[in-house]
1. Taking springs between alpha-carbon atoms closer than 10 angstrom, which of 66, 82, 32 fluctuates most in the Gaussian network model of the chain?
2. Between residue 46 and residue 28, what is 0.36 nm times their sequence separation minus the Cα-Cα distance? Round to one decimal in nm.
3. Relative contact order (percent) for the chain, with alpha-carbon contacts under 8 angstrom and 6 or more residues of separation?
4. Please report, for the Cα atoms of the chain, the Rg to one decimal and the Dmax as a whole number; what are they, in angstrom?
5. Using DSSP, restrict attention to beta bridges with both residues in the stretch 3-116 and report what percent are antiparallel, rounded to the nearest 5.
6. With each run of n ≥ 4 DSSP H residues scored as -39500 (n - 2.57), what mean residue ellipticity at 222 nm is computed for the chain after dividing by its residue count and rounding to the nearest 500 deg cm²/dmol?
7. Name all residues of the stretch 69-96 having a backbone nitrogen under 14 Å from the label point set 7 Å from the Cα of residue 61 along its Cα→Cβ direction, giving them as ranges.
8. Please sort 42-48, 13-19 by packing, taking for each peptide the average over its residues of neighbouring beta carbons within 10 angstrom, highest first.
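FYI, it's all coordinate maths here, none of it is from the lab. The model shown is predicted, which means the values in this text are computed figures rather than measured ones. Cβ sites come from the backbone with ideal geometry, for glycine too, and all protein chains shown count toward neighbours.
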């Protein structure tokens, strides 16, 4: 059984082409793999907070050194990261605006790109 995270980034609802495509993906997938589970994250119709100075400062404090004050700005980010880590497959439905992605999706990416958590950042380089 696979866990699939569907991320919808369009601020449009009924007239969104990207939403129609993610819906089509889900319908097609379920026919072939009915036991798989879907989680939905809305970043287009719901507001994803942009990172702030306190978020950045907290993200660079080692986990073992974080105080409650350091942890507070990262609470929502932690929810998003756990959701991302729990999924086996990611499907992002997004329009393209002005040759880029909507700001809600960019805010989501900023919230989940955590150096100490995601393996994409783990390297053998020195920590200088």
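1. 32
2. Using 0.36 nm per residue and subtracting the Cα-Cα distance, I get 3.9 nm.
3. Reported as a whole number, the value is 38 percent.
4. 16.7, 50
5. Around 10 percent antiparallel, to the nearest 5.
6. Calculated from helices alone, the mean residue ellipticity at 222 nm is -11000 deg cm²/dmol.
7. Counting backbone N atoms under 14 Å from the label point, the list is 69-75.
8. 42-48, 13-19
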